[in-house]
Amino acid sequence: MLSWLAEQKINEAIQQGEFDDLKGKGKPLALEDLSHVPEELRAAYKVMKNAGIIPEELQLRQEMLTLTDLIAACEHAGERQALHRKLDEKTLRLQLITSQRGLQENASYHRYEHQIRKRLT
């Protein structure tokens, strides 16, 4: 019943031209890459991110994936070495956080740990 009512309201708005001047109309959506977040946690991640609250460990994982991609594409040895140092720092920080927060003892963390590690290598 509620979905029908929502559909009716949307159709009325379309007929009245309320969606004609929307910002970005006709342009492709900018989809966010959430491959670093386990599927079961993506909705919660988006809510937290939209609220400006992203746990440091998730931010670190994203930065580590980006660094891994940059290293793979880097052709300059000196720059690649600097990127490896940054990746090592982020990896150590993530290990420290997971240790401090007791995530190694957390059953949920253990359920997803293999996915996290797989994405970081």
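The values are calculated or read from the model by the stated rules, or taken from the named source; none is laboratory data. Note that the structure is predicted; figures quoted are calculated from it, not measured. With ideal geometry, Cβ positions are generated from the backbone for all residues, glycine too; neighbour counts draw on all protein chains shown. Please note that ligands, DNA and RNA were not included when accessible areas were found on the heavy atoms of the full protein model with its side chains. Shrake-Rupley method; radii C 1.70, N 1.55, O 1.52, S 1.80 Å.
In whole percent, how big is the carbon plus sulfur part of the accessible area of segment 1-83, probe 1.4 Å, protein atoms only?
On the way: 3720 of 6470 Å².
Summing carbon and sulfur atoms, their accessible area is 57 percent of the total for segment 1-83.
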Whether segment 5-51 is rounded, prolate or oblate, judged on the alpha carbon gyration tensor where a/c under 1.5 counts as rounded = prolate
How much accessible area per residue does the chain have, in Å², with a 1.4 Å probe?
-> 77 Å²
How big is D, in µm² s⁻¹, for the chain by Stokes-Einstein at 20 °C and 1.002 mPa s if Rh is the Kirkwood radius over C-alpha pairs?
-> 119 µm²/s
Find which of Q16, P55, H36 sits farthest along the positive direction of the dipole of segment 16-79, computed with +1 on the beta-carbon of Lys and Arg, -1 on that of Asp and Glu, about the Cα centre.
-> Q16
Hey, what angle do you get for helix 2-15 against the long axis of the chain, alpha-carbon based, 0 to 90 degrees rounded to 10?
-> 70 degrees
Under 11 Å, Cβ to Cβ, from E32 - net charge with Lys/Arg +1 and Asp/Glu -1 | +2
Can you work out ³J(HN,Hα) from phi for every residue in segment 28-39, in order, using Karplus 6.51 cos²θ - 1.76 cosθ + 1.60 and θ = phi - 60°, giving whole Hz and x for Gly and Pro?
-> x, 6, 8, 7, 8, 7, 10, 5, 7, 10, x, 3
